[in-house]
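Heads up: the structure comes next, in structure tokens.
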């Protein structure tokens, strides 16, 4: 019993080997991190320069030379984006490896504590089988008797401490697994976007080659081609606009919702449209799962059980909806939670933060994440809080990345963020056409 008590003391007084993921993320040498950050800043500065060139060429008017220069600037910018994503992926891969190491360390610590716990339980059981009289008879001296009684009390206390530590370690391990799943999901998205960017670069090069082939470098032929390909206001108004959360409406209807949200938040309508548009959202598992559905591959439920499920049930109850009939985004194959709702794809806990503000703007009582008007305003409010109100292109890019990835926005600045601002620029042209046509 004495030996077990000593081992228990060592267990309790020793450090708990469950360092957090945040600590793991800072384990890289400072020189490596500084070099990476410097490279990314340099690339961002270059990309902003090309962004300014593209805008400048657009302002110069539609001339053949201006269009060729714009295409060249786009090619250069996309190639720099690919470099930035590659650097970000290198850092993310390192963080994923560090997180897995911490998971393995925590699992080993749990196993060790379970071993000691088994010994403690065994000895405690044996002690419980002996009566006080038997213990006293085994220890003729009164001091030995009280020593054994103290050891037994200490053993019981250490048992409680060990159980508490194992419980804490289990919670830490589950948290690390969630972080690991989210990191893997982020990496998969970044890699897929890298392929998209490479495809975009090839497409822009092809556009340039085709343009030169068709016009043979003659301005008059370019102007004739431009006139033929310009879309009319009527075509744009009737074009179907697909919402991120499912469903569709005419572009004219979508613009009216976005215009209302712009008036309430100061975030330009084109940016709100770009965020809500399916093509710029990168969401593969949108609105196809029930909140309590189990992912067969991971065994994980769709929606975060403690953070989001109670709020989701509250939201559906207030709206008079059957929670079993409402579809939300699915958990992904890496085990990261889903549960995003409606066109704006807010998770329940985030929607709860904004629903009263949304209700003040739209008059809905209560506001609904499945209402188009409420969803557009919610998107505008979130982007406003992320810094997109009356903002520059760079600020809008950052706000869009925050909308998609929250605290991990830097990983998606030149993927999702850039895709959204590019889409917004195209929507801005469409808006000008329907408001002046």
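Looking only at residues in the range 221-251 that are surrounded by fewer than 14 Cβ atoms within 10 Å (Cβ to Cβ) and assigned to a strand (DSSP E or B), which one is modelled with the highest pLDDT?
240
Among what's in the range 302-336 and is part of a loop (DSSP other than H, G, I, E, B) and buried (at least 23 other Cβ atoms within 10 Å of the Cβ), pick the residue that is modelled with the lowest pLDDT.
Step by step, filter the range 302-336, then rank; the result is 331.
Give me the residue from the range 383-400 that is surrounded by fewer than 24 Cβ atoms within 10 Å (Cβ to Cβ) and under 15 Å from the mean Cα position of the chain (by Cα) and, out of that set, modelled with the highest pLDDT.
This residue is 386.
Could you tell me how many of the residues in the range 401-410 are surrounded by fewer than 16 Cβ atoms within 10 Å (Cβ to Cβ) and closer than 20 Å to residue 343 by Cβ?
Qualifying residue count for the region: 1.
Is it true that some residue in the range 282-300 is farther than 24 Å from residue 177 by Cα, within 22 Å of the chain's Cα centre (by Cα) and buried (at least 18 other Cβ atoms within 10 Å of the Cβ)?
yes
From the list 353, 413, which one is surrounded by 23 or more Cβ atoms within 10 Å (Cβ to Cβ) and part of a helix (DSSP H, G or I)?
The unique qualifying residue is 413.
So if I check each of 261, 254, 274, 270, which one is in contact with a strand residue (DSSP E or B) (Cβ under 9 Å, 6 or more places away or on another chain), farther than 30 Å from residue 176 by Cα and not in a loop (DSSP other than H, G, I, E, B)?
After applying the criteria, what remains is 254.
Residues being surrounded by 14 or more Cβ atoms within 10 Å (Cβ to Cβ) and more than 30 Å from residue 252 (Cβ to Cβ): count how many of those fall in the range 192-220.
Residues meeting the conditions: 10.
If you go through the range 330-349, how many residues are more than 13 Å from the chain's Cα centre (by Cα) and closer than 23 Å to residue 385 by Cβ?
Qualifying residue count, the range 330-349: 6.
On the basis of being at pLDDT 95 or above, assigned to a helix (DSSP H, G or I) and closer than 30 Å to residue 233 by Cα, does residue 377 make the cut?
Yes; evaluated as a whole, the condition is true for this residue.
Pairs only if they're at least six apart or on different chains, beta carbon under 6 angstrom, first in the range 181-207 and closer than 14 Å to residue 93 by Cβ, second at pLDDT 75 or above and not in a helix (DSSP H, G or I); list them, first residue then second.
Hits for this filter: 185/332; 185/336.
Do we find that residue 299 is at pLDDT below 95, in a loop (DSSP other than H, G, I, E, B), out of contact with any strand residue (DSSP E or B) (no Cβ under 7 Å at 6 or more places or on another chain) and over 21 Å from residue 348 (Cβ atoms) in this structure?
Judged against the criteria, residue 299 is a match.
Residues of the range 337-350 being surrounded by 18 or more Cβ atoms within 10 Å (Cβ to Cβ) and in contact (Cβ under 8 Å) with a residue 40 or more places away in the chain, which ones?
337, 338, 339, 340, 341, 342, 343, 344, 345, 347, 348
Among (1) surrounded by fewer than 23 Cβ atoms within 10 Å (Cβ to Cβ); (2) over 20 Å from the mean Cα position of the chain (by Cα); (3) touching a residue at least 60 places away in the same chain (Cβ under 8 Å), which single condition is residue 277 missing?
(2)
The values are calculated or read from the model by the stated rules, or taken from the named source; none is laboratory data. Nothing here was measured: the structure is a model prediction, and the numbers come from that model. Here the Cβ is made from the backbone with ideal geometry for all residues, glycine too, and neighbour counts use every protein chain on show.
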